[in-house]
Every structure is written in C-alpha cells, then in structure tokens.
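The values are calculated or read from the model by the stated rules, or taken from the named source; none is laboratory data. The shown structure was predicted, so the numbers you read here are calculated from the model rather than taken from an experiment. Quick reminder, even Gly has a Cβ in these numbers, built from the backbone with ideal geometry, and neighbours come from all protein chains shown. Please note that ligands, DNA and RNA were not included when accessible areas were found on the heavy atoms of the full protein model with its side chains. Shrake-Rupley method; radii C 1.70, N 1.55, O 1.52, S 1.80 Å.
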Amino acid sequence: MKVCVLGLGYIGLPTAAMLAVGGHSVVGYDLDDRVLEALDSGNPLAGEEGVRAVVRRALASGALTSSSSVIAADAYIICVPTPTIDHRPDLRAVQEAAAAIARVAEPGSLIVLESTVPPGTTERIIAAAFRTAGKDPGAFGIVHCPERVIPGAIVEELRGNDRVIGGRRPGDAEKAAALYRSFVSGRMHCTDCTTAEFVKVVENTYRDVNIAFANELALLAEELGVDAWETIRLANNHPRVDILSPGPGVGGHCIPVDPHFLSNANPFVTELIQAARRINERMPHVVVRRVMEHVSSAAPGSTIAILGASYKADVDDARESPTIRLDELLREHGFNTRIYDPHVTKFVRPLAASIEEAVEDAEALVLMVAHQEFREINPHALNHRMRRCVVLDTRAFLDVVKWRAAGFQTYVLGARRPKEEGVAFAAAG
Ligand code: SAJ
C-alpha cells in the first residue's frame with residue numbers, strides 16, 4: 001500500500017520505517033522542516049538506537065521518503081502530539097492533520113488515528129473533518145489504533161505488542177489490522193473507535209493510579225517505621241497483587257497527561273483518578289521537604305546537586321520530568337541547584353557537564369532517576385568535594401551501605417530510616 005504517516009516524532013518515525021521495511025511504500029510528513037531534513041540526510045532526530053537502525057534500513061531500501069505536504073495515499077496514519085494546556089486536551093494538531101487528509105483522500109482510503117485522545121475524538125474530529133471538506137466520512141475507513149509502546153524499547157514493543165483497533169464501520173478495523181500485520185507479531189483486537197480510545201487512556205490512567213498508591217504507601221511506611229520497598233516486594237508475592245514503585249513523581253508526556261482526558265469527561269465520577277494525579281504531583285514537594293530536613297542548618301543560597309533530568313531511567317527524554325518541578329521548587333526555597341544527567345541533552349536550563357561539577361560544594365545530592373550509570377558512582381570520589389555528605393535517593397537505587405561507608409548520611413524515599421539519624425517524620429512532615 002502507499003501509506004502517508006503524519007507526524008514523524010517518537011511514534012510516527014519508527015512506525016513509518018517499520019511499514020516501509022514491511023513492504024509498503026511510505027511517505028513521512030512533518031510540519032517541522034528540521035525533522036524532514038534530518039530524515040533526508042539519513043540521520044533521524046529520534047534518540048533510540050533501535051529506531052535509528054530501522055529508519056536507516058527503510059531509507060536505504062527507498063521505501064521511505066519524506067514530504068513537506070500531505071499527499072494522496074491508500075492509508076494515512078496520524079501520529080501527532082496531543083498535549084494538555086491547563087489540564088485540558090489540546091487537539092489542534094489532530095484537527096489540522098485530519099483537515100489535510102480530508103482535502104486529498106479518495107473514497108475507500110484508510111485513515112488511522114494513533115495519537116492518544118479523549119474518548120469520542122475520532123468521531124468528533126476525524127469524521128467531522130471529512131464532512132467539512134464536503135466528503136461523506138462513511139466512504140472512508142476511519143479507525144483508532146493507539147500506540148502503546150514504552151520509550152526505551154520502542155522497536156521491540158512496536159513489533160511485539162498487541163494492538164487494539166477501533167473501527168467506525170464494520171470491516172474498517174480488520175482493514176487496518178491487515179496493514180499493521182506487515183510488522184506487528186502481537187495480536188490484533190478489533191473493536192469500535194470509542195472503546196479503543198477509552199482502552200488506551202485507561203491503560204495509562206491505571207498506571208498513574210497504581211504509582212500514586214505506591215507513593216502513598218511510601219509516605220505511610222516512613223511514618224510507621226517500616227520499609228515500603230520490602231512491603232511492596234512481599235505483597236507482590238501474592239498472585240493477585242502487583243503494586244508499582246514509589247518515586248519522586250510521574251513524568252513523560254503520557255501518564256501525567258492522559259488521566260485528564262478521563263477526568264475532563266466527567267469530574268464527578270473520576271475522584272480516584274483525580275486524587276492519584278494530586279498524589280503524584282505532590283511528590284516533588286515531598287522531596288523538597290526531605291531535602292530541607294537534611295540541610296536545615298544550611299544558609300539560603302546553598303547548593304543542592306540533582307542526579308537525573310530525564311523523566312525515567314535510561315532515556316534522554318525530559319518532558320514533564322519530576323526533576324523540572326523539583327528544580328523549580330528548590331529555587332523558590334532559595335537553593336542553588338546543579339543537575340547532572342548522562343543522557344539528556346535538551347533541558348529547560350543548562351546542565352552540569354559532570355557529576356563532579358554538580359556536587360562541588362553542595363549541601364546534598366538528590367538522586368531522581370535510576371540511570372544505570374549512577375550505580376557505578378564511587379562516593380569516595382565525591383565526599384571531599386561536597387560541603388556536607390548527604391545523599392537522598394528517591395528510587396531506592398543506590399547501595400546505601402557503600403555511601404554510608406564513604407561518610408554519607410543517607411535518606412531513601414519510603415525506606416525505614418536509620419535510628420542514628422533521629423529524624424522524626426511526624427515532626428518534620
Ligand atoms: N514510574 C514510577 N513508578 C513505577 C513506574 C513508573 O514512579 O513503578 C514513573 C516513571 O519514573 C516515569 C513515569 O512513571 O516518570 C512514566 O513512566 P512509565 O515507564 O510508566 O511510562 P511511559 O510514560 O514511558 O510510557 C507509558 C506506557 N504505558 C503503560 O505502561 C500503560 C507505554 O506503554 C505507553 O505507550 C506510553 O505511556 C504512551 O505513549 O502512552
């Protein structure tokens with residue numbers, strides 16, 4: 001088939017490349033000329049090595065090309081961002097993509113919306129765009145097939161994950177399933193559009209609620225003097241319990257965003273979803289409070305070093321990262337901050353070039369992201385550089401025995417506190 005992929009971001013680009021390698025003739029379209037130029041030069045902007053490799057293969061075969069306009073095709077796949085502004089969905093990119101497709105598409109062609117959207121959007125925006133263009137949406141195959149891959153393993157998950165495909169008319173979802181089968185080994189589950197939209201947002205909301213539960217347990221465990229990590233590990237031995245891990249907050253452009261697509265639909269019946277969001281948004285504040293307990297004697301203007309700027313381990317993506325919020329809050333409290341991340345190159349402010357630079361004269365070191373590289377840190381090489389040897393680990397990732405042996409006072413989020421530190425949670429809380 002001739003396929004036009006709209007939006008060559010972290011989903012659109014690998015999807016276009018996989019379709020091309022799978023035997024289709026694919027044209028990638030993006031609003032951003034830099035994305036197209038990078039693609040044409042064979043050096044795609046996307047970060048993951050697996051993605052770059054498949055894109056290079058697709059380009060070399062000639063089956064993947066780029067275009068600065070939306071061209072007529074047998075199938076169109078929309079992979080544009082759907083962010084929120086003040087917790088409300090911003091669907092302008094979907095609207096623009098749908099309008100561009102509706103202008104050029106011939107009856108019988110297939111339109112697939114992959115972007116995560118509030119339930120009802122495929123009908124409200126995609127079908128409506130055809131009516132606006134004076135065409136009958138019933139003459140087109142319109143489906144929602146949400147992307148479900150995890151950053152860090154995009155190619156593997158694009159291949160192996162099941163797909164949920166919601167069709168507007170009988171047979172449309174099956175038509176899309178045939179297209180995806182060119183590179184997907186997972187199963188295809190066909191349903192209607194709104195169910196597919198709901199499923200995708202429910203998956204991410206489930207994760208947000210589960211993480212909020214873990215975060216709540218971490219704070220409660222500190223108060224009870226037990227270890228939340230051990231508790232969760234033991235509870236998860238139960239065949240029907242699967243609690244996620246506490247942390248300094250929930251980042252990325254999906255999980256902090258998608259629950260709002262549901263709570264916006266009806267604020268009255270989504271109390272649990274909203275509470276989970278509040279709990280997760282509060283976590284950077286909790287980290288600030290713990291920092292202040294440990295550096296309370298330090299003068300304002302003292303430096304806090306932060307390890308990790310990305311939203312999660314071993315990726316370079318810093319969108320909605322809890323570190324952004326922690327950094328803002330610490331600065332509001334009068335601290336200087338220095339952030340080090342071995343993966344991130346794009347951040348809201350300059351990063352330290354090395355861990356040594358970040359910790360120089362710092363009052364405390366806060367680990368926010370469990371990058372593998374951080375496990376190799378030698379605390380003996382840092383202790384003489386810091387003003388005070390304090391390390392706060394929000395991921396229970398560091399070997400605290402090693403850090404204590406190097407003279408560090410340690411705090412681990414959700415862990416039982418060593419008696420000698422004598423910090424009373426209730427008094428500090
Ligand atoms: N996090 C925790 N504790 C955990 C797991 C995650 O605090 O136990 C935090 C992470 O540190 C990170 C955030 O949650 O800040 C989100 O990370 P994630 O790994 O849970 O998810 P994402 O955002 O990278 O990808 C999610 C995935 N959704 C689900 O697993 C249900 C992925 O499959 C989706 O395709 C993706 O969102 C998306 O694009 O919607």
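On the basis of being open to solvent by 20 Å² or more (accessible area, probe 1.4 Å), closer than 27 Å to Arg319 by Cβ and in contact (Cβ under 8 Å) with a residue 40 or more places away in the chain, does Pro81 make the cut?
Working: open to solvent by 20 Å² or more (accessible area, probe 1.4 Å): yes; closer than 27 Å to Arg319 by Cβ: yes; in contact (Cβ under 8 Å) with a residue 40 or more places away in the chain: yes.
So Pro81 fits the description; yes.
If you scan the range 222-244, which residues turn out to be out of contact with any Gly (no Cβ under 7 Å at 6 or more places or on another chain) and surrounded by 20 or more Cβ atoms within 10 Å (Cβ to Cβ)?
Once the filter is applied, which keeps residues that are out of contact with any Gly (no Cβ under 7 Å at 6 or more places or on another chain) and surrounded by 20 or more Cβ atoms within 10 Å (Cβ to Cβ), the range 222-244 yields only Ile232.
Within the group Ala352, Ala364, Ala370, Ala396, which residue is open to solvent by less than 40 Å² (accessible area, probe 1.4 Å), outside any helix (DSSP H, G or I) and within 18 Å of His294 (Cα to Cα)? Don't jump to the end; show me each part of the working.
Values: Ala352 fails: within 18 Å of His294 (Cα to Cα); Ala370 fails: within 18 Å of His294 (Cα to Cα); Ala396 fails: open to solvent by less than 40 Å² (accessible area, probe 1.4 Å).
None of the other options fit; the residue is Ala364.
Out of the range 75-114, which residues are assigned to a loop (DSSP other than H, G, I, E, B), in contact with a Pro (Cβ under 7 Å, 6 or more places away or on another chain) and among the small types (Gly, Ala, Ser)? Steps first, answer last, please.
So in the range 75-114, the residues assigned to a loop (DSSP other than H, G, I, E, B) come out as 79-83, 86-87, 90-91, 105-109, 114.
Adding the requirement that they be in contact with a Pro (Cβ under 7 Å, 6 or more places away or on another chain) leaves 82, 90, 114.
Within the range 75-114, none qualify.
Looking at Arg57, Arg52, which one is in contact (Cβ under 8 Å) with a residue 12 or more places away in the chain, surrounded by 14 or more Cβ atoms within 10 Å (Cβ to Cβ) and not in a loop (DSSP other than H, G, I, E, B)?
Numbers: Arg52 fails: in contact (Cβ under 8 Å) with a residue 12 or more places away in the chain.
None of the others qualify; the one that does is Arg57.
Scan the range 204-221 for residues that are open to solvent by less than 60 Å² (accessible area, probe 1.4 Å) and within 7 Å of the ligand (Cβ to nearest atom) and jot them down. Let's see the steps before the verdict.
Start the filter on the range 204-221 by keeping residues that are open to solvent by less than 60 Å² (accessible area, probe 1.4 Å), which leaves 204-205, 208-212, 214-215, 217-219, 221.
If the condition is that a residue be open to solvent by less than 60 Å² (accessible area, probe 1.4 Å) and within 7 Å of the ligand (Cβ to nearest atom), then Asn204, Ile211, Ala214 are the ones that fit.
Residues in the range 173-196: is at least one of a type in the set (Phe, Trp, Tyr), out of contact with any strand residue (DSSP E or B) (no Cβ under 6 Å at 6 or more places or on another chain), open to solvent by less than 60 Å² (accessible area, probe 1.4 Å) and within 12 Å of the ligand (Cβ to nearest atom)? Steps first, answer last, please.
Residues of the range 173-196 of a type in the set (Phe, Trp, Tyr): 180, 183.
Then keep just the ones that are out of contact with any strand residue (DSSP E or B) (no Cβ under 6 Å at 6 or more places or on another chain); that gives 183.
Filter again for open to solvent by less than 60 Å² (accessible area, probe 1.4 Å), leaving 183.
With the extra rule that they be within 12 Å of the ligand (Cβ to nearest atom), the set shrinks to none.
So far as the range 173-196 goes, no, none of its residues is of a type in the set (Phe, Trp, Tyr), out of contact with any strand residue (DSSP E or B) (no Cβ under 6 Å at 6 or more places or on another chain), open to solvent by less than 60 Å² (accessible area, probe 1.4 Å) and within 12 Å of the ligand (Cβ to nearest atom).
Write out, first by first residue and then by second, each pair whose Cβ atoms fall under 7 Å of each other, whose residues are 6+ apart or on separate chains, and whose first residue, in the range 137-157, is without any contact (Cβ under 8 Å) to a residue 12 or more places away in the chain and among the acidic types (Asp, Glu) while the second is part of a loop (DSSP other than H, G, I, E, B) and buried (at least 16 other Cβ atoms within 10 Å of the Cβ).
Glu157/Val149
Which residues, counting only those in the range 118-136, are more than 14 Å from Arg168 (Cβ to Cβ) and either in contact (Cβ under 8 Å) with a residue 40 or more places away in the chain or part of a strand (DSSP E or B) (or both)?
Result: Pro118, single match.
Which of the residues spanning the range 3-27 are of a type outside the set (Ser, Thr, Tyr), outside any loop (DSSP other than H, G, I, E, B) and under 23 Å from the mean Cα position of the chain (by Cα)?
Going residue by residue through the range 3-27, those that are of a type outside the set (Ser, Thr, Tyr) are 3-9, 11-14, 16-24, 26-27.
In the following step, the residues that additionally are outside any loop (DSSP other than H, G, I, E, B) were identified as 3-6, 12-14, 16-21, 26-27.
Result: Val5, Leu6, Gly12, Leu13, Pro14, Ala16, Ala17, Met18.
Please enumerate the residues belonging to the range 334-348 that are over 20 Å from Gly47 (Cβ atoms) and assigned to a loop (DSSP other than H, G, I, E, B).
Narrowing the range 334-348 to residues over 20 Å from Gly47 (Cβ atoms): 334-338.
Passing the criteria: Gly334, Phe335.
Taking into account only those residues within the range 237-260 that are more than 8 Å from the ligand (Cβ to nearest atom) and in a loop (DSSP other than H, G, I, E, B), which is nearest to the chain's Cα centre (by Cα)? Reasoning before the result, please.
Quick first cut of the range 237-260, residues more than 8 Å from the ligand (Cβ to nearest atom) only: 237-243, 257, 259-260.
Going one step further and asking which of them are in a loop (DSSP other than H, G, I, E, B), we end up with 237-243, 257.
Values: Asn237: 28, His238: 28, Pro239: 28, Arg240: 26, Val241: 24, Asp242: 21, Ile243: 19, Val257: 9 Å.
Only one residue fits best here, namely Val257.
Yes or no, residue by residue, for (1) within 16 Å of the ligand (Cβ to nearest atom); (2) modelled with pLDDT of 95 or more; (3) surrounded by fewer than 19 Cβ atoms within 10 Å (Cβ to Cβ):
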{"residue": "Leu262", "(1), (2), (3)": "yes, yes, no"}
{"residue": "Leu272", "(1), (2), (3)": "no, yes, yes"}
{"residue": "Ala275", "(1), (2), (3)": "no, yes, yes"}
{"residue": "Pro284", "(1), (2), (3)": "yes, yes, no"}
{"residue": "His294", "(1), (2), (3)": "no, no, no"}
{"residue": "Ser302", "(1), (2), (3)": "no, no, yes"}
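Is there a residue in the range 174-187 that is among the aliphatic types (A, V, I, L, M) and part of a loop (DSSP other than H, G, I, E, B)?
yes
Test Glu216 against the stated conditions and say whether it is closer than 22 Å to Val5 by Cα and either touching a His at 6+ places or on another chain (Cβ under 8 Å) or among the acidic types (Asp, Glu) (or both).
Working: closer than 22 Å to Val5 by Cα: no; either touching a His at 6+ places or on another chain (Cβ under 8 Å) or among the acidic types (Asp, Glu) (or both): yes.
No.
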